[in-house]
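The structure under discussion appears below in the form of structure tokens.
The values are calculated or read from the model by the stated rules, or taken from the named source; none is laboratory data. None of the values given here were measured: they were computed from a predicted structure. Cβ: placed from backbone, ideal geometry, glycine included. Neighbour counts: every protein chain shown.
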Amino acid sequence: MQHVIIGTAGHIDHGKTTLIKALTGRDTDTLKEEKERGISINLGFTYFDLPSGKRAGIVDVPGHERFIKNMLAGVTGIDIVLLVIAADEGVMPQTKEHLNILNLLDIKKGIVVITKKDLVDQEWLNMVIEDIKKEIENTFLKDAPIIPVSSYTKEGLKELVYMIDKLTMEMEDRDILTDFRLPIDRVFTVSGFGTVVTGTLISGTINEGDICKIYPKDIVTKVRGIQVHERPVKTAYAGQRVAVNLANVKKEDIERGDVLAKPDSMQVSMMIDCRLNYLSDAPHPLENRDRVRIYHGTSEILGRVYILDKEIVNPGEKALVQIRLESPIAAKRGDKYIIRTYSPMITVGGGTILDPNPLKHKAFDEKVIEDLLLKEKGDPKEIIEHTIKVNSKDFVGVKDITRILGKNYSNLNEILEELVKDKKVIKLDLGDDFVFIHYTYLMEIKNKVKHFLVEYHKNNPLKFGITKEELKIKVFGKDIKQRIYDRMLELLSYDTIKINGIYIALIDFELKFNSKQEKIKEDILKIFKDAKFQPPKPQEVIKGFAKDEIEAQRVFEALVDLGLLVKINEEIYLTAENFEAAKKMLIEFINKEGYITAAQYRDMIESSRKYAVAILEYFDSIKLTKRIEDRRYLI
């Protein structure tokens, strides 16, 4: 079922609120000040049923120029706009400003409603209609129906309701499959229930019991209850006006402009990259670093505009800009925004957010401009590939890609498989999930690992390689998930590295001894071989090389890395040959007798209890044997 939000727009005192009351029977001016002054100050909300059976939510926005901020909060998420123009006054300044805003926000459908028809004659009405047609000819309303009505006599209201219903039939379905997002336009408390927020659900579905987060404040809360059009529901859908009762959060912790959304579905940033459409009737050119007011969703944020592709932006021009904000924003790619001058507050432009969480850019950077143009106009496959390319270091999965893109591509998985087949991206299988990296990122990692290991081998020629843990920290950082790191090592092992236990070396690296080192190597191995199962301490052996003590230390460590010496503990090392003999004797004895004691093993290897126990404990540690009281059994 489609859910419809209708919004009003237009100059102050042109009869927007009266029109809504005539359509619904409800007054949306609820503040005492609104009643006394006869104008709308804040947003008004109500609903009515259409002939087709649809229930349409209505947002009534203020028309006074002082309350444009409230108007901008109200038009977030509307499907159909009613541009209200009084017959006795015609197009006025706020009519034009509201129309500019609606155009910039890319509202698709609308109706021009001429109110107060009963106050003018037909000739005057015809003149007003012609004037309106000129005003809307280059806007989204150029082909919109123009319907004169009288809220007093009810003339034209039936035709208006019919046309609203007709337009709802032509609407595209909202995206209810993606993560839910609710820009908050009101916060209040209800006795016995606690904190309630309201807004238009612009995507997804929200359910009673859902865990959610308030952005950009990073407050985690839970949905205790939901109301749509004053009725409790278990689930609300994109396109509905929603009131959400939240658990464990105070009214004072939330404000208009915050966003209620699924945890980890939004990015919070202090910068946004945008396409800016600068209005032709802007009073002056936009200059670099101009301070402006940004309106996004229901929020107002101050920031400075950094122009990326030109020196200044003249009225009527378009530009790529980076807006650096004074407060954090929670946005998605493709979101619309408006900018107004800091003072006096005049609407001068707006457009589309291309990157909600960018790096800081310099002007006239060709690569940056190329990337932004791709994000703006590229086909889905190009955009998805680019998204993976610039986020490869984060090893993004399908959910991450959807979150970054800000929209749900129904064929995302098909596109990803095509990119894998085209050898543009690599799919890493983590067992219970998949992540993706771009081929260029793999090449970068290969080069980084090669460069690092070349230097390492140069400085450590007698070490087999660097430990896995050290390479992880040096190349990927300590925060990389172990499963992802293991998969990256697998990829690198095809043509870049070789792995020996905990060590990693370049694939073509061979540990080689020079003639002097070869002599030391043979001497060390002979000492340990001849000592059999009562070997000397390593430092005693190394000190025996006197002038070559440092070299002997390096050779000794290399022999351990190569597996020619086996470390039993810090003080006991066996040659690989002696170790295998010790293991063979142990296995044969237990297979024959069923178990072995430390005393039996000591006598068998003709050693002391100190060495016998140490070797047996090593066999326990490698899960060859297990100890029960004073006996060892094979596992």
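Residues in the range 114-164 that are without any contact (Cβ under 8 Å) to a residue 24 or more places away in the chain and outside any helix (DSSP H, G or I) were compared, and the one that is nearest to His14 (Cα to Cα) is Asp121. For the range 530-561, the set of residues classified as charged (D, E, K, R), closer than 25 Å to Ala582 by Cβ and either free of Cβ contacts under 8 Å to residues at least 24 places away in the same chain or not assigned by TED's automatic domain parsing to the domain that holds Arg609 (or both) consists of Asp530, Glu540, listed by residue number. Among the residues of the range 472-489, those identified as of a type in the set (D, E, K, R) and either over 16 Å from Val449 (Cα atoms) or surrounded by fewer than 12 Cβ atoms within 10 Å (Cβ to Cβ) (or both) are Lys478, Asp479, Lys481, Arg483. Considering the conditions (1) in the same structural domain as Glu317 (by TED's automatic domain parsing); (2) under 26 Å from Ile202 (Cβ atoms), Ser410 is excluded by exactly one of them, (1). The single condition from (1) touching a helix residue (DSSP H, G or I) at 6+ places or on another chain (Cβ under 6 Å); (2) part of a helix (DSSP H, G or I); (3) not charged (D, E, K, R) that His98 fails is (1).
Within the range 303-315, the set of residues being under 19 Å from Glu376 (Cβ atoms) and either surrounded by fewer than 20 Cβ atoms within 10 Å (Cβ to Cβ) or among the charged types (D, E, K, R) (or both) comprises Tyr306, Asp309, Lys310. Note on the range 220-310: enclosed strands (runs of 3 or more DSSP E) holding 1 or more residues that are within 30 Å of Thr341 (Cβ to Cβ) are 259-261, 267-278, 290-296, 299-307.
Within the range 309-338, restricting attention to residues that are out of contact with any Ser or Thr (no Cβ under 8 Å at 6 or more places or on another chain) and β-branched (Val, Ile, Thr), the residue that is nearest to Arg256 (Cα to Cα) is Ile323. Restricting attention to the range 64-79 and to residues that are surrounded by fewer than 22 Cβ atoms within 10 Å (Cβ to Cβ) and of a type outside the set (S, T, N, Q), the residue that is nearest to the chain's Cα centre (by Cα) turns out to be Lys69. Would the range 229-251 turn up any residue that is outside the structural domain of Glu317 (by TED's automatic domain parsing), without any contact (Cβ under 8 Å) to a residue 40 or more places away in the chain, among the aliphatic types (A, V, I, L, M) and more than 22 Å from Leu72 (Cα to Cα)? Yes: the range 229-251 contains one or more residues that are outside the structural domain of Glu317 (by TED's automatic domain parsing), without any contact (Cβ under 8 Å) to a residue 40 or more places away in the chain, among the aliphatic types (A, V, I, L, M) and more than 22 Å from Leu72 (Cα to Cα). Test each condition in (1) surrounded by fewer than 22 Cβ atoms within 10 Å (Cβ to Cβ); (2) outside any loop (DSSP other than H, G, I, E, B); (3) touching a Ser or Thr at 6+ places or on another chain (Cβ under 6 Å); (4) not small (Gly, Ala, Ser) for Asp185 and report the one that comes out false. Condition (1) is where Asp185 drops out. Out of curiosity, is Leu177 surrounded by fewer than 21 Cβ atoms within 10 Å (Cβ to Cβ), touching a residue at least 12 places away in the same chain (Cβ under 8 Å) and assigned to a helix (DSSP H, G or I)? No, not satisfied. Restrict the check to the range 64-81 and report whether at least one residue is at pLDDT 90 or above and either assigned to a strand (DSSP E or B) or farther than 30 Å from Asp173 by Cβ (or both). Looking through the range 64-81, at least one residue is at pLDDT 90 or above and either assigned to a strand (DSSP E or B) or farther than 30 Å from Asp173 by Cβ (or both). Please indicate, with yes or no, whether at least one residue in the range 151-171 is of a type in the set (A, V, I, L, M), within 25 Å of Gly349 (Cβ to Cβ) and crowded, with 16+ Cβ neighbours inside 10 Å. So far as the range 151-171 goes, no, none of its residues is of a type in the set (A, V, I, L, M), within 25 Å of Gly349 (Cβ to Cβ) and crowded, with 16+ Cβ neighbours inside 10 Å. When Thr195, Thr235, Thr178 are checked against the criterion of being more than 25 Å from Lys332 (Cα to Cα) and touching a strand residue (DSSP E or B) at 6+ places or on another chain (Cβ under 8 Å), a single residue qualifies: Thr195.
Would you point out which residue out of Ile383, Ile401, Ile415 is on the phi < 0 side of the Ramachandran plot, at pLDDT 95 or above and buried (at least 16 other Cβ atoms within 10 Å of the Cβ)?
Checking each option against the conditions leaves just Ile415.
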